[in-house]
Amino acid sequence: AVYQRGGEVYWRADDSSASETFGSYNYGFYGLDAGVCTRIGWMGTGIWSTNSCSFFVQRGGMFTASGGLSMGGKGYAEMYVGGGTNISHNITLGTDSDYPQADGATLTVEKGGVLWLGGNKRVQAVHTNGFCAVVNVNSDGKLTCGRITTAGKGSRHGSDVFLNFNGGVLRPSIAWGFTDQWEASGPDPTGGRVAGG
């Protein structure tokens, strides 16, 4: 576990994809309460082991990422932005591989937290067997991205994507900011759900 309460951290991904990970084999926790944290390169979290469980919890400070983030391919991953500013890249919830034991991922923005992915970046839930992705935008949270989208293949069944709007500001910067991009190989097997409060 890492607790950052000030200062500056520069977190550079390695050249090997297996080492560009955080909490992807066992347990990982990064808590950002204050200061500056910069992640350079792609990062995977909760993706290599069914036993993996990882949390990135931001309650303040500034977080910046130059590469994409893949969450919860085999295990469970959670990103929580409940304060401060988070300027990230594309965020993928799930995986595009056939892992029948895939678990889930949760992304939550609330309590004054700001998650900004830029005008052409996206939050993408990639369906796989048995996967559950949840995106929460709660009171006083702000999420800005190009679009929120799902993608997958017709052969993958039993997955759910939930978008929960319970206050705050959700701001897709593309007019068609909510899309469901399924391949022509089959129908959407999940019946995606949207919940508002």
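The values are calculated or read from the model by the stated rules, or taken from the named source; none is laboratory data. Remember, predicted model here, so these are calculated numbers, not experimental data. Cβ coordinates were reconstructed from backbone atoms using ideal geometry, including for glycine residues, and neighbour counts include every protein chain displayed. With ligands, DNA and RNA removed, areas are computed over all heavy atoms of the protein, side chains included. Shrake-Rupley method; radii C 1.70, N 1.55, O 1.52, S 1.80 Å.
Name the residues in the range 62-81 that are open to solvent by 30 Å² or more (accessible area, probe 1.4 Å), of a type in the set (S, T, N, Q) and within 13 Å of the chain's Cα centre (by Cα), would you?
Within the range 62-81, none qualify.
Looking at the range 93-117, which of the residues that are open to solvent by 30 Å² or more (accessible area, probe 1.4 Å) and either among the polar types (S, T, N, Q) or in a strand (DSSP E or B) (or both) is modelled with the highest pLDDT?
Going through the qualifying residues, I end up with Val114.
When only residues in the range 27-49 that are touching a Lys or Arg at 6+ places or on another chain (Cβ under 8 Å) and within 13 Å of Gly73 (Cβ to Cβ) count, which is most open to solvent (accessible area, probe 1.4 Å)?
Trp48
Check the range 119-137 and report whether any residue there is in a strand (DSSP E or B), modelled with pLDDT of 80 or more, more than 10 Å from the chain's Cα centre (by Cα) and farther than 25 Å from Val2 by Cβ.
So far as the range 119-137 goes, yes, one or more of its residues are in a strand (DSSP E or B), modelled with pLDDT of 80 or more, more than 10 Å from the chain's Cα centre (by Cα) and farther than 25 Å from Val2 by Cβ.
Among the residues of the range 163-179 satisfying the criterion of being of a type in the set (Val, Ile, Thr) and in a strand (DSSP E or B), which is modelled with the lowest pLDDT?
Of the range 163-179, the ones of a type in the set (Val, Ile, Thr) are 169, 174, 179.
Restricting the remaining residues to those that are in a strand (DSSP E or B) gives 169, 179.
Working: Val169: 82, Thr179: 57.
This residue is Thr179.
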